[in-house]
Amino acid sequence: LTKCRTLHEHSSGRPPLAFVFDIDGVLIRGPKVIPAAKRALAMLEGNNEWGIKIPYILLTNGGGVGEEYRCHRLTKQLGFEIRPSQYIQAHTILKTFAPKFADEHVLVLGGKLDRVREVAEGYGFKNVYTTLDVHAWNPSVWPFHELTSDERHSAKLVDFSQTPISAALVFHDPRNWSLDIQILCDIILSGGIIGGPYRAAEKPIELIFCNPDLLWRSDFSRPRLGQGAFKEAFQAVYKALTGSEYPYIQYGKPTEATYRFAEKVLKAHMGQLGWKGKLPPVGHTIDNPESDIAGANAAGWPSVLVHTGVYEPSQGPPSQRPTYEADDVEAGVRWAIEREM
Ligand code: G3P
Ligand code: MG
């Protein structure tokens with residue numbers, strides 16, 4: 001009876017719930033798709049006993065490429081269309097920052113070569129530089145690295161002695177921590193002019209990180225160090241130099257800003273599906289207690305912790321309490337649907 005009533009209620013096409021999926025460790029691990037992921041998404045695309053489609057978006061602390069490009073790749077990997085309207089990555093929120101920095105010189109860190117420059121320019125940032133540009137300008141800025149031909153090809157020719165940097169935006173996980181930490185310190189200590197005299201900037205250099213993950217789950221047998229580990233390394237060096245850490249802004253899961261941004265994206269995506277009004281209950285399917293569960297609990301979203309990512313049951317209870325634990329994303333989705341139907 002419950003199911004029939006439920007079927008009747010939901011035959012109006014008003015989905016009983018919506019899902020927000022983490023990606024690494026839940027849907028994929030490195031280049032590999034977790035088998036349960038395709039079965040879970042099939043359930044939400046209508047292959048369930050009620051025959052209704054259940055909306056979902058993806059919320060990842062990953063990034064480094066444009067949203068459209070990543071959605072194209074995820075669509076091929078997962079076998080279902082993933083649209084940019086249902087996809088949020090670590091630095092998507094920085095789109096809202098572009099107007100503020102439109103006339104400033106900004107340094108972007110992370111990702112391969114100058115892909116993140118392209119992403120930042122796509123967001124509307126106009127004067128975007130990478131640490132490879134700095135090394136190409138003056139290799140003695142970090143004598144322990146020689147630019148590869150690809151890196152040299154990706155670099156812009158700039159005279160940084162005449163280019164005051166106002167902000168450093170860590171979009172994605174840096175590839176050359178030593179070079180990036182050296183240049184971050186140069187910018188901050190020399191008031192924005194790399195190689196200039198040590199002096200305070202008129203306006204403090206803004207430092208923004210987009211992903212606090214100390215660890216994340218790729219396809220190696222143990223979790224890998226994430227952008228949060230780079231932040232710890234930078235702050236340790238900066239503190240050794242100056243006696244204190246440098247103030248910064250943090251985005252990404254579990255920050256409130258990112259979850260509020262995600263709720264706006266989910267509402268807009270559901271609006272495109274014809275849903276108007278208050279969001280239905282949101283099921284957040286995740287793998288990292290420190291970033292994902294902490295964020296879900298603070299946002300008031302029920303959360304399903306899966307055992308295919310950073311968290312492993314052999315470690316003992318998770319540091320943050322989820323609503324439910326499941327072996328994988330398929331079991332988690334099934335539990336959440338049956339709980340709401
Ligand atoms: O760099 C990506 C990693 O930090 C975690 O990504 O999808 O598990 O939030 P995700
Ligand atoms: Mg994850």
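The values are calculated or read from the model by the stated rules, or taken from the named source; none is laboratory data. These numbers were taken from a predicted model, which means no experiment stands behind them. Counting neighbours? That spans all protein chains shown, and the Cβs are built from the backbone with ideal geometry, glycine included. We work out accessible area using only protein heavy atoms, side chains counted, and drop any ligands, DNA or RNA first. Shrake-Rupley method; radii C 1.70, N 1.55, O 1.52, S 1.80 Å.
Of the residues making up segment 258-286, just one is more than 16 Å from ligand 2 (Cβ to nearest atom), β-branched (V, I, T) and closer than 16 Å to K95 by Cβ, namely V265. Within the option set D173, D180, D186, D114, being within 19 Å of F234 (Cα to Cα) and within 19 Å of the chain's Cα centre (by Cα) holds for one residue only, D173.
I'm trying to understand the selection: among the residues of segment 124-147, which are open to solvent by 70 Å² or more (accessible area, probe 1.4 Å) and outside any helix (DSSP H, G or I)? So that I can check it myself, show each step before the final result.
Going through segment 124-147, the residues open to solvent by 70 Å² or more (accessible area, probe 1.4 Å) turn out to be 126, 137, 139-140, 143-144, 146.
Passing the criteria: K126, P143, F144, E146.
Please work out which residue is farthest from H307 (Cα to Cα), limiting yourself to segment 36-51 and to residues that are open to solvent by less than 30 Å² (accessible area, probe 1.4 Å), in contact with a Phe, Trp or Tyr (Cβ under 9 Å, 6 or more places away or on another chain) and without any contact (Cβ under 8 Å) to a residue 60 or more places away in the chain. If we take residues in segment 36-51 being open to solvent by less than 30 Å² (accessible area, probe 1.4 Å), in contact with a Phe, Trp or Tyr (Cβ under 9 Å, 6 or more places away or on another chain) and without any contact (Cβ under 8 Å) to a residue 60 or more places away in the chain, then A42 is farthest from H307 (Cα to Cα).
Condition first: loosely packed, with under 14 Cβ neighbours inside 10 Å, more than 16 Å from ligand 1 (Cβ to nearest atom) and outside any helix (DSSP H, G or I). Can you find one or more residues in segment 249-270 that meet it? No, that holds for no residue.
Considering segment 16-33, and only residues there that are closer than 19 Å to A299 by Cα and assigned to a strand (DSSP E or B), the residue that is nearest to ligand 2 (Cβ to nearest atom) turns out to be F21.
Scanning segment 62-106 for residues that are closer than 16 Å to F125 by Cβ and either among the basic types (K, R) or loosely packed, with under 14 Cβ neighbours inside 10 Å (or both) yields K95, T96, P99, K100, A102, D103.
I'm checking my understanding of the structure. Among residues of segment 56-114 that are part of a helix (DSSP H, G or I) and among the charged types (D, E, K, R), which one is farthest from ligand 1 (Cβ to nearest atom)? If we take residues in segment 56-114 being part of a helix (DSSP H, G or I) and among the charged types (D, E, K, R), then K100 is farthest from ligand 1 (Cβ to nearest atom). Could we say that K239 is outside any helix (DSSP H, G or I) and either basic (K, R) or within 15 Å of the chain's Cα centre (by Cα) (or both) here? Judged against the criteria, K239 is not a match.
With respect to the conditions (1) away from ligand 2 (no atom under 16 Å from the Cβ); (2) in contact (Cβ under 8 Å) with a residue 24 or more places away in the chain, K253 lacks only one, and its number is (1). The set of residues from segment 284-330 being within 12 Å of ligand 1 (Cβ to nearest atom) and open to solvent by 60 Å² or more (accessible area, probe 1.4 Å) comprises just one member, E290.
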